[in-house]
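Reviewing the structure listed below.
Bear in mind that the values in this text are calculations on the coordinates, not laboratory data. On a predicted model such as this, the values are computed, not experimentally measured, just so you know. Here Cβ is always computed from backbone atoms with ideal geometry, including for glycine, and neighbour counts include all displayed protein chains.
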Amino acid sequence: MDQRISPASALHGSITLPGDKSISHRYAMIAAIAEGDTRISNYSTGADCHSTLRCVEGLGIEIDGQGTEFIIHGRGLDGLRAPMSDLDAGNSGSTIRMLSGMLAAQSFRSRIGGDESLSRRPMQRILKPLREMGARIEARHGKFPPLEIEGARLHPIHYRLEVPSAQVKTCVLFAGLFTEGATSVIEPVRSRDHTEIALSEFGAEITRQGAIITLQGRPKLRGRDLAVPADLSSAAFFLAAALLVPGSRLSIRGVGLNPTRSALLDFLRGMGARIQIPELESRHGELAGEILVEHSELNGGVIANGLTAALIDELPVLAVLGAASEQGLTIKDALELRIKESDRIHTVIENLRRMGAAVEELPDGMIIPGRQKFRAATFDSFGDHRIAMAFAIAALRADGRSIIHGAEAASISFPEFWDTLARLTPE
């Protein structure tokens, strides 16, 4: 699908965005092994999160509902059933990495894979700790999906993450749920803590002491009524749009504002962004509130080390902002971008150059000079949802109408993106 985007004069109004993807995945998976019903409202509409629901159903869990409202009829810690066919994670790295922790501890054999893009994404980071716990897992060419998992009786471990990764942390903790004893994960840099919060909400005994997260195995998890806050990663695109387009002022309601994800707002404010949070509340252990943002002249900055890990999903749209900033943006320590849905270092640079922007490629990032003008261009999403949406935002500041090939990729995480953008930028 091609999407045509015209330059915008200003963005005004108030919007509500779909449920947080990270939280939706975790609620669905934990609900499946909790006892009793879990009612989830504002569940993510993204294709990735619905891949999780299909996998959960494939494991014998009954799910009622549609749209954004679901009831998951949990069967308890030992209630998953052998799937009748391969589990399909679609394009979702979150699904395959996190759910594999549960699958490794079952009494049955399973096979989980996904689409062509997911099949190119390496899985060694979860294979290593799971095998240390006693899991029997085979991967294509030793590292790629599909994964063939022969369920086994696992034992707890004390595992130090090699790189910051909330997905790997979650995989290990989910496996630890089924062990006798305490499983610990040590983080080099603190990552998103949605898993810890969700497990605690369902009744697990989980603690953090410094960089060490410890989970007691074999907890009695109970179904809950839960509401998912709006997705901050989705909000990032509209924050960028309002900051980029002169005269803009935008309200985004009910956004998840978990402190482990506040690096985005902190970094934007450090660049000079005018962002306010007039209200804040706690929902099921997660903070949520309204974000007010208006057009700002941005300074630029450097993203490196732990900050890179904290902003990894937002780097494509931050690169766009960097080109329009006063001093430009340098991104380092982002080798992880090479193994996302696309090689995001390459695809960001390719599309920036198509609009006439100068950019220097680094092995683990890029250097983007500031004060650049955007030329209308024909972009390629490369099948990557974040690339499609990032360059839709860039096109709002171009000197003419732009086209994005493969715009349907946005539906992987944010099916409503194009309609929401159109409402804010009427021609």
Greater than 25 Å separation of Cα atoms is the criterion. Which listed pairs, Lys128/Lys340; Lys340/Lys373; Lys21/Lys340, meet it?
Lys340/Lys373
If you line up the long axis of helix 21-32 against the longest principal axis of the chain, both from Cα atoms, how many degrees apart are they, to the nearest 10?
10 degrees
Can you tell me which aspartates and glutamates have their Cα less than 13 Å from the Cα of Lys332? Leave out same-chain residues fewer than eight positions away.
Glu360, Glu361, Asp364
Note down the nm distance, to one decimal, between modelled labels 7 Å out along Cα→Cβ at Thr207 and at Ala304.
3.8 nm
Scoring only Lys, Arg, Asp and Glu (+1, +1, -1, -1) among other residues with Cβ under 11 Å from the Cβ of Leu199 yields -3
Output needed: percent of Cα pairs per 20 Å distance bin for the chain, bins running from 0 to the one holding the longest distance.
27, 57, 15, 0
Amide H to amide H, which residues 5 or more places from Arg283 or on other chains are under 5 Å from it, using H placed in the peptide plane?
Ala288
With point charges of +1 on the Cβ of Lys and Arg and -1 on the Cβ of Asp and Glu, referenced to the Cα centre of region 21-227, which listed residue (His25, Phe108, Pro146) lies farthest in the positive direction of the dipole?
Pro146
What does the charge count around Arg274 come to, taking other residues whose C-beta lies under 13 Å from its C-beta (Lys +1, Arg +1, Asp -1, Glu -1)?
0
Kirkwood Rh in Å, taken over region 185-312 so that all alpha-carbon pairs contribute:
16.4 Å
Using r as the Cβ-Cβ distance of Ile277 and Gln124, and R0 as 45 Å, what FRET efficiency do you calculate, to the nearest 0.05?
0.70
Taking the simple approach of a point 7 Å from Cα along Cα-to-Cβ for both Arg153 and His12, what is their distance in nm?
6.9 nm
Quickly work out the His405-to-Val189 label distance, labels modelled 7 Å from Cα along the C-beta direction, and quote it in nm with one decimal.
3.4 nm
